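Student: Pasting a structure here, questions to come.
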Amino acid sequence: MERDVDDDCTLHDIKDGLDNQEFILHYQPKVSLLSGKVVGAECLARWWKNGKFISPAKFIGLAEESGFITVLTEHFFKLLLGDLPHILAVRPDIVIAFNISSHDLRHQRILRLVNHNIDKGAVNPANIQLELTEGTVADFSYETLGTMHALVKRGVALALDDFGTGFSSLEVLSTFPFSYLKLDQSLIKHITRSGKAKSIVSSNIRMAHRLGLHTIAEGVETEEVYDRLTYSGCQEAQGYWISRPIPLPDFVQFLRTKTIWPSNPIGLLYQAQLDHIQWRKDILETYYYLMTVRSRGYVSDEHLETFRTDHTGCNLGKWYYGVGRMYESYEQYRLIEPPHAELHVTGHRLIDAAIAGDHEACHELIMHLSALSTRIIECLHSLEAAVHRTPRSLEEPLVQAGGE
Ligand code: C2E
Ligand code: CA
Ligand code: CA
């Protein structure tokens, strides 16, 4: 059983610990709330010193202050490379999240090491994810940003850790190529007790969804919290209720034995309903905007781009042709496509009519848009009712997290 001991340690102790091979990695499993499969784990450093575990909170901070963290991070990554074959032998598709700190980013040592190991085939980029906090990326350089884009291009996913605890979240989100958002445990813990915490979490999930980011809830300590998150559209969960961080042999055993967890992809059907309402609101907002600014000759093409995509490119379409396909056998699912395709054609025409200043055409097109929208919502609602009537059996094929 793991113990966290409030030991005083010095940088000298950390260096000794490194020389004596006292650091190991523990793994905390992550479960897909859509499929119920274990999809990954976060690796967390542990220091076994004088017969007890020293908390990373104790030594990571010290190592960061001194800059020695870059040496530790490099060591941890090498430990991970050694552990990975044991994990992948059981589950080749697993994704292990690795924490990096601001020094690591500034000095780029770890980024080069990751790149180098991908180059020589020692690690498949699809098997690793890098976790960074807002604080970590706050004082980035453009060179760092370039390196991170290159890693992402090669297939290494980036996760923004501890989301909801900092101040610059939106700026950070728009600057870095993150594909995962980890909702901080300080919020998650309270969602069953506080209406405000629940609203904040569901707004964060919604925002992440709109930005095409996957959400991971951290600090899931009870079944009740787990269940709530399942219906929220959050994609993954991590926390003590599933498992504490565990040593490699226990994690390998966990992958072999604890293969299926409660799940339900209906949260993404709810998100698809909201996606449609949002699309309609956005196009009407744009229409009013166009009617106002047209006379001043100012229309931004970028602003219109979203409405030039066909019905496969919007968020509802991405769900429909992605995770939503699991409902293909439902008639209600198939009924969504014709009005949805027509909706997008009508949307194009509305934008063109607004640019031309044709009020009459616009009025007719808006009426038509509303009728189509009502049909789509009806289809989505009746699909939801049909899905509730026939709950998915766990033996059915499972979908991977995603949909965007
Ligand atoms: P973190 O990255 O936010 O990691 C999650 C922490 O939350 C872990 O603490 C984990 O044990 C804990 N946790 C997970 N589920 C629950 C839960 O349900 N309830 C509660 N109360 N806690 C939960 P841990 O392992 O003590 O690590 C603390 C922090 O130390 C990490 O926070 C991370 O910032 C840092 N850290 C750990 N390992 C590394 C590493 O290899 N490199 C770097 N740079 N930092 C690390
Ligand atoms: Ca983390
Ligand atoms: Ca965290």
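The values are calculated or read from the model by the stated rules, or taken from the named source; none is laboratory data. Predicted, not measured: the structure shown is a model, and the values here were computed from it. Using ideal geometry, Cβ is built from the backbone for each residue, glycine included, and neighbour counts are taken over all protein chains shown. Surface accessibility is based on the protein's heavy atoms, side chains included, excluding ligands, DNA and RNA. Shrake-Rupley method; radii C 1.70, N 1.55, O 1.52, S 1.80 Å.
Student: Under 14 Å from a label point 7 Å along Cα→Cβ of Tyr231: give me every residue in the range 255-280 with its amide N that close.
Tutor: Counting only backbone N, you get 263-271.
Student: A follow-up question, please. Regarding the range 1-142, what's the average projected area of the Cα-atom convex hull, expressed in nm²?
Tutor: Reported value for the Cα convex hull: 10.1 nm².
Student: May I ask for the net charge around His107, where only other residues with Cβ less than 14 Å from the Cβ of His107 are counted and Lys, Arg are +1 while Asp, Glu are -1?
Tutor: Net local charge, His107 excluded: -2.
Student: On the accessible surface of the chain, probed at 1.4 Å, how many percent belong to carbon and sulfur atoms?
Tutor: In the chain, the share of accessible area belonging to carbon and sulfur is 52 percent.
Student: Now for a separate question. Could you work out which residue, out of Glu22, Glu364, Glu224, moves most in a Gaussian network model of the chain, that is, has the largest mean-square fluctuation with Cα springs under 10 Å?
Tutor: Most flexible of the set in this elastic network: Glu364.
Student: Helix 142-154 versus the longest principal axis of the chain: what is the Cα-based angle in degrees, 0 to 90, to the nearest 10?
Tutor: 80 degrees
Student: Can I ask one more? Only loop residues by DSSP count here, and only those with at most 16 other Cβ atoms within 10 Å; note down the trypsin sites (Lys or Arg not before Pro) in the range 15-89 that meet that.
Tutor: Passing both the DSSP loop test and the Cβ count: no residue.
Student: Work through the residues other than Glu337 whose Cβ is under 12 Å from its Cβ and net out their charges, Lys, Arg +1 and Asp, Glu -1.
Tutor: -1
Student: Report, to the nearest 10°, how far helix 359-389 tilts away from the longest principal axis of the Cα atoms in the chain, using its own Cα long axis and a range of 0 to 90°.
Tutor: Taking the Cα atoms of the chain, the angle to 359-389 is about 50 degrees.
Student: Using Cα atoms only, what is the angle between the long axis of helix 69-90 and the major principal axis of the chain, expressed in degrees (0 to 90) to the nearest 10?
Tutor: Roughly 70 degrees between the two axes.
Student: Right, next: Any idea what the relative contact order of the range 252-356 is, in percent, if you count C-alpha pairs under 8 Å spaced at least 6 apart?
Tutor: Taking the mean separation of contacting Cα pairs over the length of the range 252-356, I get 35 percent.
Student: Under 14 Å from the Cβ of Ser194, count the other residues' Cβ atoms, weight Lys and Arg +1, Asp and Glu -1, and hand me the total.
Tutor: Combined, the nearby Lys, Arg, Asp and Glu give +4.
Student: While we're here: If I take every Cα pair under 8 Å that is 6 or more residues apart in the range 37-105, average their sequence separation and divide by the length, what percent do I get for the relative contact order?
Tutor: Normalised by residue count, the contact order of the range 37-105 is 50 percent.
Student: Treating the Cα atoms of the chain as identical point scatterers in vacuum, please give the log10 of the normalised Debye intensity I(q)/I(0) at q = 0.12, 0.13, 0.15 Å⁻¹, two decimals.
Tutor: For the requested q values the scattering log ratios are -1.02, -1.15, -1.40.
Student: Please report how far the C-alpha centroid of the range 114-132 lies from that of the range 333-373, rounded to the nearest whole angstrom.
Tutor: Each part's Cα centre sits 46 Å from the other's.
Student: With charges only on Cβ, +1 for K and R and -1 for D and E, what is the dipole size of the range 244-293 about its Cα centre, in debye, rounded to 20?
Tutor: Computed charge dipole of the range 244-293: roughly 280 debye.
Student: Write down the accessible area per residue of the range 27-171 in Å², having rolled a 1.4 Å probe over the full set of protein chains.
Tutor: About 39 Å² of surface per residue is accessible.
Student: So for the range 1-157, if I pair up every lysine 8 or more residues apart or on another chain, how many of those pairs have alpha-carbons under 22 Å apart?
Tutor: 10
Student: Further question on the same structure: Compute a Gaussian network model of the chain, connecting alpha carbons closer than 10 Å, and tell me which residue from Leu34, Leu132, Leu369 fluctuates the most.
Tutor: Largest GNM mean-square fluctuation: Leu369.
Student: Considering only Val137, Val152, Val90, give the residue with the highest GNM mean-square fluctuation for the chain, with springs between Cα atoms whenever their separation is below 10 Å.
Tutor: Val90
Student: State, to one decimal in nm, how far the label point of Arg193 lies from the label point of Gln253, with both points 7 Å from Cα in the Cβ direction.
Tutor: Modelled inter-label distance: 3.2 nm.
Student: Follow-up. Counting chymotrypsin sites (Phe, Trp or Tyr not before Pro) as exposed when in a DSSP loop with at most 10 other beta carbons within 10 Å, what is the longest stretch of the chain free of them?
Tutor: Segment 1-166 is the longest.
Student: Which is farthest toward the positive dipole end of the chain among Ile376, Val152, Ile188, measuring Cα position about the Cα centre, with Cβ charges +1 (Lys, Arg) and -1 (Asp, Glu)?
Tutor: Ile376
Student: Over the chain, what is the relative contact order in whole percent, taking alpha-carbon pairs under 8 Å and six or more residues apart?
Tutor: Taking the mean separation of contacting Cα pairs over the length of the chain, I get 16 percent.
Student: Report the full-extension gain for the segment Ser174 to Leu81: residue separation times 0.36 nm, less the Cα-Cα distance, to one decimal in nm.
Tutor: That works out to 30.4 nm of additional length.
Student: Pick out, in residue order, every one of the trypsin sites (Lys or Arg not before Pro) in the range 250-292 that is DSSP loop and has at most 15 other C-beta atoms within 10 Å; say none if there are none.
Tutor: Lys258
Student: Accessible surface of His116 in the full protein assembly, 1.4 angstrom probe, to the nearest 10 Å²?
Tutor: 100 Å²
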